[in-house]
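The block underneath contains the structure these notes are about, expressed in structure tokens.
The values are calculated or read from the model by the stated rules, or taken from the named source; none is laboratory data. Every value quoted in this text rests on a predicted model; they were computed, and no experiment measured them. Please note: Cβ atoms are built from the backbone with ideal geometry, for glycine as well, and neighbour counts cover all protein chains shown. SASA here: full protein model, heavy atoms, side chains in, ligands and nucleic acids out. Shrake-Rupley method; radii C 1.70, N 1.55, O 1.52, S 1.80 Å.
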Amino acid sequence: MSLVVWSSPYYSEQLQGYLLPAVTYNGDTIPHIRLREFPVFPKPKFKDKKTEKFYWRTVRDVKKVYPYVKFVGEEYRRIDAMCDTISDKKEKKRYLKKYEKELLKKYKPIMKTFTLSQGKMMIKLIDRECEKSSYDLIKEFRGGFVAWWWQVFAKMLGADLKDDYDISEKEQDKIIERVILLYEAGAL
């Protein structure tokens with residue numbers, strides 16, 4: 001008997017079943033399927049309506065902003081590596097200015113649709129993704145004065161660009177982390 005091994009599950013009309021990758025173990029042929037990791041949490045128990053409302057708002061906000069936060073993290077690492085290769089300060093500044101202009105053109109309309117709570121969530125999640133606060137990122141790429149100005153603007157709206165993400169200290173950040181893990185697993 002010959003064994004056909006496929007690199008991915010494939011439904012066959014002729015066989016009316018799935019052909020799967022297989023391994024041989026002690027003479028037995030066993031289907032080999034990789035299962036992804038899935039976090040399991042107890043059903044959330046809310047102390048009061050306010051906590052429940054926070055949880056469901058967090059679910060909504062994470063679903064909307066998390067893909068953009070992942071993009072920010074990838075771009076931060078890419079741009080940071082690119083800036084390390086450019087030695088001339090003027091050239092680096094010109095490159096960053098051009099890149100910022102392209103990003104604003106593409107993502108400004110999307111960012112305008114975010115609510116204030118989604119903006120605050122994005123600030124927290126950027127800290128989680130980049131391991132730097134939004135204030136520090138702006139300061140690194142745009143300078144101290146621009147970072148200060150955006151911090152003043154954020155404070156006027158009730159946000160804080162220096163807000164950090166700390167699941168060991170903050171109860172709300174623990175809830176956010178739980179929602180992120182469920183979102184990444186596809187459970188939300």
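Just a few scattered comments:
- Figure legend. Inter-residue proximity from region 20-46: first residues among the small types (Gly, Ala, Ser), second residues modelled with pLDDT of 80 or more and part of a loop (DSSP other than H, G, I, E, B), beta-carbon distance below 6 Å, spacing 6+ or different chains. Indicated pairs: 22/32.
- Any hit, region 48-63, residues being open to solvent by 80 Å² or more (accessible area, probe 1.4 Å), over 30 Å from residue 113 (Cα atoms) and either at pLDDT below 90 or not in a helix (DSSP H, G or I) (or both): no
- Residues of region 121-136 that turn out to be open to solvent by 20 Å² or more (accessible area, probe 1.4 Å) and touching a residue at least 60 places away in the same chain (Cβ under 8 Å), as a count: 1
- Residue within region 68-75 that is of a type in the set (A, V, I, L, M, F, W, C), modelled with pLDDT of 85 or more and more than 21 Å from residue 185 (Cα to Cα) present: no
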